[in-house]
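To start, the structure under review is shown below, and the notes come after it.
The values are calculated or read from the model by the stated rules, or taken from the named source; none is laboratory data. Please read all numbers here as calculations on a predicted model, not as lab measurements. Quick reminder, even Gly has a Cβ in these numbers, built from the backbone with ideal geometry, and neighbours come from all protein chains shown.
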């Protein structure tokens, strides 16, 4: 892997000069300089322009723009242009076109329209990446490479079906092993030839009118999801390797879509092949700040704490909702600093100049349709650009220290939501977000970890909805708790193995010994239904009665202490919250979905019991996070509210980097104000 290090927080975004007459290119350069733009992503959707037929390649426009950007002090993030194949390619090689879950062959159009297992797509994508690398390997403007764009569509074509069978042969070796893993004696599905296996889409195992996420055979569909993520990784690696063979020290990445939690791709499996992780994020005006914070922390976590890139955000309006309000003054700036505070080393927009036609012509841009610098959005972008230039390299290569880890696992996400469980309202990321929020609101620092992470680096590990227990994970958790760690999990955990087969002997399966409980039944509640949990033993400030919902399990302690019980229904008085002392540590189990108030107090108490202190006692509207480098500590304080808030910054004087003043004690933080406090520590 190439060592990733930027000289400063790079600032810019997607630029599509090929959509505009050359007469305005020089004006764009002038405006870029005014806005502090120092990086432009080129060539993301230019495949048809670069390759008008099978044998012709035309890069003259790109040569000119690369030279122009370099002359104006702007570096280039080079897209490989493979995010949308040319029309001639679809006409001549229809295998490149995708098939939907309900079996419809798509025609040419839109984007994300290439099949990941199309020989045509794989061949020509590799050729294009290599030609670009050979042409620009020594160009002084080139900073890094952006493969494809927002990868991950699922295709259900014949090529994918054939490739799926080969993938299964590699995974299982024999049909006997496959039949066992998929539980194929159910509904008479036993396979005797690999050619009998079909993709689990709307025409086969899919339920609910072709919805591929609802399936009659979860094991089959789970493997298809794994296969699809792997197929796209293979496509990415074709381009990645073509670039690396020409430029061994190239920085190569791709941008994850879906606001940082994109279901079709297993980020942790992709992480070793990303020189730097990158995401797009498009929150709405009412999106909670903790939503973005979680996704930034996750992006940092997939590379074990390394910085990441914010590859796309809108400087103003988005364009795909029924109603698309503008970002209010100060919101773009504070949300950009939020990304930096949590590990971003780039702030980039889609887009730098607003398109004149087609779907995204009303999507926000640094340069509006007015075409000049006298707009509110441009002035806000210019202010941020000036500040990032002023900060220089100060905020690069920072690290975040946390003693709390939240386990995130794509296999669990897929499996939990494949249907057939107690409730369709059980959503994996929603539960992760709820536990994250309970810590975020009290200003605790959090890392996201995966099943192969070193749990011993943490004092508190949370794994909500650990429905699937992969081989060796139960034993790893046992060792973590036995050595003094505190572990928290929830209802609907320990149910199945990695093939989505139920672990016999009673829930929570392999976790039963560690948790000291047996779960007899799972009662699903309707969305408007509520129960309550009654504390039996005081836990910190927790006492009395708290609302709960979604699921209530009938739990029998087998060595665990009952900390709270259910208030109503036939399981009234049975355990709703348990704690099991195991070795030097303890394992907690929440048999329901408690209120946010309960969660905040409960997790706060667990942190206090481990000596984990919050960064601040600031109100919830203020976000506080801390990063470190060498002997310096950087504390980011951000007031997301619409009113002034008093915040205590501590007794030691600290330099505020944006204003250059020294700060200590109580301060008044204005609405949307950001402070970055630098302190030397031993």
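Residue-by-condition table, conditions (1) assigned to a helix (DSSP H, G or I); (2) in contact with a helix residue (DSSP H, G or I) (Cβ under 8 Å, 6 or more places away or on another chain); (3) at pLDDT 95 or above; (4) buried (at least 20 other Cβ atoms within 10 Å of the Cβ):
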{"residue": "169", "(1), (2), (3), (4)": "yes, yes, yes, no"}
{"residue": "181", "(1), (2), (3), (4)": "yes, yes, yes, yes"}
{"residue": "190", "(1), (2), (3), (4)": "no, yes, yes, no"}
{"residue": "243", "(1), (2), (3), (4)": "yes, yes, yes, yes"}
Q. Within segment 499-521, how many residues are in contact with a strand residue (DSSP E or B) (Cβ under 6 Å, 6 or more places away or on another chain) and surrounded by fewer than 18 Cβ atoms within 10 Å (Cβ to Cβ)?
A. 5
Q | Residue in segment 436-454 that is nearest to the chain's Cα centre (by Cα), counting only those that are assigned to a helix (DSSP H, G or I) and crowded, with 22+ Cβ neighbours inside 10 Å | A | 436
Q) Inside segment 536-565, can you point out the residues that are without any contact (Cβ under 8 Å) to a residue 40 or more places away in the chain and in a strand (DSSP E or B)? A) 545, 554, 555, 556, 561, 562, 563, 564, 565
**Q.** Matching residues in segment 555-580 - criterion: being within 18 Å of residue 603 (Cα to Cα) and surrounded by fewer than 19 Cβ atoms within 10 Å (Cβ to Cβ)
**A.** 561, 562
Q: Sort out which residues of segment 110-150 are free of Cβ contacts under 8 Å to residues at least 60 places away in the same chain, within 28 Å of the chain's Cα centre (by Cα) and in a helix (DSSP H, G or I), and write them in order of number.
A: none
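Scan segment 37-57 for residues that are out of contact with any strand residue (DSSP E or B) (no Cβ under 6 Å at 6 or more places or on another chain) and not in a loop (DSSP other than H, G, I, E, B) and jot them down. Please lay out each step first, then the result.
Keep residues of segment 37-57 that are out of contact with any strand residue (DSSP E or B) (no Cβ under 6 Å at 6 or more places or on another chain), which gives 45-57.
Across segment 37-57, the qualifying residues are 47, 48, 49, 50, 53, 56.
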Q | Qualifying residues in segment 249-283 (those that are in contact (Cβ under 8 Å) with a residue 40 or more places away in the chain and farther than 19 Å from residue 302 by Cβ) - the one surrounded by the fewest Cβ atoms within 10 Å (Cβ to Cβ) | A | 249
**Q.** In segment 120-146, the residues that are closer than 20 Å to residue 73 by Cα and in contact with a helix residue (DSSP H, G or I) (Cβ under 7 Å, 6 or more places away or on another chain)
**A.** 136, 137, 139, 140, 141, 142, 145
Q: Answer yes or no as to whether residue 107 is in contact with a helix residue (DSSP H, G or I) (Cβ under 8 Å, 6 or more places away or on another chain) and in a loop (DSSP other than H, G, I, E, B).
A: yes
Q. Are any residues in segment 581-596 crowded, with 19+ Cβ neighbours inside 10 Å and in a strand (DSSP E or B), and if so, which ones?
A. 582, 585, 586, 587, 588, 589, 590, 592, 593, 594
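Confirm whether residue 82 is assigned to a loop (DSSP other than H, G, I, E, B) and buried (at least 22 other Cβ atoms within 10 Å of the Cβ). Give the derivation first.
Details: assigned to a loop (DSSP other than H, G, I, E, B): yes; buried (at least 22 other Cβ atoms within 10 Å of the Cβ): yes.
It is true that residue 82 is assigned to a loop (DSSP other than H, G, I, E, B) and buried (at least 22 other Cβ atoms within 10 Å of the Cβ).
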(Q) Against the conditions (1) surrounded by fewer than 18 Cβ atoms within 10 Å (Cβ to Cβ); (2) at pLDDT 95 or above, where does residue 207 fall short? Just the number, please. (A) (2)
Q: Look through segment 503-535, keep the residues that are on the phi < 0 side of the Ramachandran plot and part of a helix (DSSP H, G or I), and return whichever of them is farthest from the chain's Cα centre (by Cα).
A: 513
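Evaluate the following for residue 102: is it part of a loop (DSSP other than H, G, I, E, B), more than 26 Å from the chain's Cα centre (by Cα) and surrounded by 13 or more Cβ atoms within 10 Å (Cβ to Cβ)? Please lay out each step first, then the result.
Details: part of a loop (DSSP other than H, G, I, E, B): yes; more than 26 Å from the chain's Cα centre (by Cα): yes; surrounded by 13 or more Cβ atoms within 10 Å (Cβ to Cβ): yes.
Yes; evaluated as a whole, the condition is true for this residue.
Residues checked against (1) over 24 Å from residue 431 (Cα atoms); (2) within 17 Å of the chain's Cα centre (by Cα):
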{"site": "248", "(1), (2)": "yes, no"}
{"site": "269", "(1), (2)": "no, yes"}
{"site": "283", "(1), (2)": "no, yes"}
{"site": "286", "(1), (2)": "no, no"}
{"site": "296", "(1), (2)": "no, yes"}
{"site": "306", "(1), (2)": "yes, yes"}
{"site": "323", "(1), (2)": "yes, no"}
